[in-house]
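The values are calculated or read from the model by the stated rules, or taken from the named source; none is laboratory data. Computed from a predicted structure; not experimentally measured. Note: ideal-geometry Cβ built from the backbone for every residue, glycine included; neighbour counts use all protein chains shown.
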Amino acid sequence: GAGVSQSPSNKVTEKGKDVELRCDPISGHTALYWYRQSLGQGLEFLIYFQGNSAPDKSGLPSDRFSAERTGGSVSTLTIQRTQQEDSAVYLCASSLGGGLPKYFGPGTRLTVL
Amino acid sequence: QQQVKQSPQSLIVQKGGISIINCAYENTAFDYFPWYQQFPGKGPALLIAIRPDVSEKKEGRFTISFNKSAKQFSLHIMDSQPGDSATYFCAASMRSSASKIIFGSGTRLSIRP
């Protein structure tokens, strides 16, 4: 039984470039969450998907951030025109029925130069 | 604005001792209080959670104590072991949006053999 997987594990990009981060949740989990972890801000909620419901996007810090979840499984977090303050570890989690995220993936460490 | 305050920032405990991490919150709308454990290079994992209608919850060597009137809660790790060395995050959420967790700043726990 694989856990939540994320790719890439590390991403270095230049300021102004777009990046895509991928999350593969645990099979059968209907809920998927994106958080980010940075030195200055700690762990912050970004977005939440639950089944076919409209996602809760209230944590996205700006309109440069977007996420989608295709077929109720894999999710992609896209950051357009990256800024240095976007540097952080982006964490994905999934759970069977919603509520608290239980299983976080190892994260993608994003560095914006 | 730090909605969940956590202390200490770091903690060193001898093997077999009791590790105690404290948290305080302001928003009385919070009604679910989870703790997460994070090992280096890994994502956080849900450890234990408590609702404010109980004052204590125990799972193995881990106990959450909850003081609703003081708006404080704490994690006690009994008989601390070197394998417990990790960063611990307290958190809070509301029943209406349990996916959106407000995390404390974290405590780096080291258990000395």
Give just the number: which of (1) within 19 Å of residue A:80 (Cα to Cα); (2) within 11 Å of another protein chain (Cβ to nearest Cβ); (3) of a type in the set (Gly, Ala, Ser) does residue A:42 not satisfy? (1)
Could you check residue B:80 against (1) small (Gly, Ala, Ser); (2) in contact with a Phe, Trp or Tyr (Cβ under 6 Å, 6 or more places away or on another chain); (3) buried (at least 21 other Cβ atoms within 10 Å of the Cβ); (4) more than 14 Å from every other protein chain (Cβ to nearest Cβ) and say which number it fails? (2)
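To keep it simple, each residue is scored yes or no on (1) of a type in the set (S, T, N, Q); (2) loosely packed, with under 13 Cβ neighbours inside 10 Å.
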position: A:38; (1), (2): yes, no
position: A:59; (1), (2): no, no
position: A:66; (1), (2): yes, no
position: A:113; (1), (2): no, yes
Being within 13 Å of the chain's Cα centre (by Cα), of a type outside the set (A, V, I, L, M) and surrounded by 14 or more Cβ atoms within 10 Å (Cβ to Cβ) is the filter here, so list the residues in segment A:77-86 that pass it. A:86
Could you list all residues from segment A:9-37 that are assigned to a strand (DSSP E or B) and either facing chain B (nearest Cβ under 9 Å) or not hydrophobic (A, V, I, L, M, F, W, C) (or both)? A:10, A:11, A:13, A:20, A:22, A:24, A:31, A:33, A:35, A:36, A:37
Determine whether residue A:6 is over 10 Å from the mean Cα position of the chain (by Cα), surrounded by 13 or more Cβ atoms within 10 Å (Cβ to Cβ) and within 14 Å of chain B (Cβ to nearest Cβ). no
Taking the options A:3, A:40, A:59, name whichever one is among the small types (Gly, Ala, Ser), in contact with a helix residue (DSSP H, G or I) (Cβ under 9 Å, 6 or more places away or on another chain), part of a loop (DSSP other than H, G, I, E, B) and on the phi < 0 side of the Ramachandran plot. A:40
Among the candidates A:69, A:81, residue that is in contact (Cβ under 8 Å) with a residue 24 or more places away in the chain and within 16 Å of residue A:4 (Cβ to Cβ): A:69
Would you please list the contacts, defined by Cβ atoms under 7 Å and residues six or more apart or on different chains, that run from a residue in segment B:22-44 that is under 11 Å from residue B:91 (Cα atoms) to a residue that is among the polar types (S, T, N, Q) and at pLDDT below 95? B:25/B:3; B:30/B:93; B:32/B:93
Just for strands (runs of 3 or more DSSP E) wholly inside segment B:17-111: which have at least 1 residues that are charged (D, E, K, R) and under 14 Å from the mean Cα position of the chain (by Cα)? B:56-59
